[in-house]
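The structure appears below as structure tokens.
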Amino acid sequence: MFMNYGLIALIFVLSFAYITMNTIRTLLEMKGYKFWASLLSIAEIVTYVVGLSLVLSKLNNVLNIAAYALGYAAGIYFGTWLEDKLRLGLLDVNVILPKTDESKQFAETIRDEGYGVTVKNAQGREGARLEFEILTPRKREQHLYSFIEDNNPDAFIISYEPKFIKGGFWRKTMRKRAQNRNRNIE
């Protein structure tokens, strides 16, 4: 029986490419990048149709099916790895500290690092607390966690991905960035 290894490799590559694009497109949709998600979906569906048609045209070849399945699995792994490297979107990081003179200064320390922070009084099981709500681009997430850990090793940290943001610190910051970009272009 003749094995067409080129076809098997092509099926793997098409499946890999399809599911990688599918993963990234889904994440783009969830983060609100509708235009880019729509554009990527064109390449995604063409790749899907071509790859699957190659498998379905020779369903009796188990190696074609295995190549498609392996490409699919590898594509999921690579797509999620790639999304983690792209780090799209923003995070809302909540930090809770005991209310002390040092923790009161923490807001200014965080602001000096370029983060927007809102401070709230809170009450915990063991007494008065301060809650710091910090908005950060996901690209700076690890820097923020390290910074918090270096300054407050006992901090309680929770992070969320906000769905919608309007106004406040981010509006002013984005406006300044746009103005700086326009100045650099001129």
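The values are calculated or read from the model by the stated rules, or taken from the named source; none is laboratory data. On a predicted model such as this, the values are computed, not experimentally measured, just so you know. Glycine also receives a Cβ, built like all others from the backbone with ideal geometry; neighbour counts cover every protein chain displayed. For accessibility, only protein heavy atoms count, side chains too; no ligands or nucleic acids. Shrake-Rupley method; radii C 1.70, N 1.55, O 1.52, S 1.80 Å.
Structure summary
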item	result
Positions within the range 73-93 being in a loop (DSSP other than H, G, I, E, B) and either among the aromatic types (F, W, Y) or touching a residue at least 60 places away in the same chain (Cβ under 8 Å) (or both), in sequence order	L88, G89
Residues located in the range 1-52, provided they are among the acidic types (D, E) and over 22 Å from R138 (Cβ atoms)	E44
Single residue of the range 30-55 satisfying the filter (farther than 11 Å from Y18 by Cβ and either assigned to a loop (DSSP other than H, G, I, E, B) or of a type in the set (D, E, K, R) (or both)) that is modelled with the highest pLDDT	K34
Residues that are touching a strand residue (DSSP E or B) at 6+ places or on another chain (Cβ under 8 Å), under 19 Å from Y145 (Cβ atoms) and part of a loop (DSSP other than H, G, I, E, B), drawn from the range 99-124	Y115
For K58: the one exception among (1) open to solvent by 70 Å² or more (accessible area, probe 1.4 Å); (2) part of a helix (DSSP H, G or I); (3) at pLDDT below 90	(2)
In the range 69-93, the residues that are basic (K, R) and open to solvent by 70 Å² or more (accessible area, probe 1.4 Å)	K85
Matching residues in the range 120-143 - criterion: being basic (K, R) and over 19 Å from the mean Cα position of the chain (by Cα)	K120, R125, R129
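This table checks each residue for (1) of a type in the set (V, I, T); (2) farther than 19 Å from R87 by Cα; (3) touching a helix residue (DSSP H, G or I) at 6+ places or on another chain (Cβ under 8 Å).
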position	(1), (2), (3)
I110	yes, yes, yes
V117	yes, yes, yes
K120	no, yes, no
E126	no, yes, no
E133	no, yes, no
T136	yes, no, yes
E149	no, yes, no
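Quick grid of which residues meet (1) under 30 Å from K163 (Cα atoms); (2) surrounded by 17 or more Cβ atoms within 10 Å (Cβ to Cβ); (3) of a type outside the set (S, T, N, Q):
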position	(1), (2), (3)
Y5	no, no, yes
A9	no, no, yes
T23	yes, yes, no
E29	yes, no, yes
G32	yes, no, yes
V50	no, no, yes
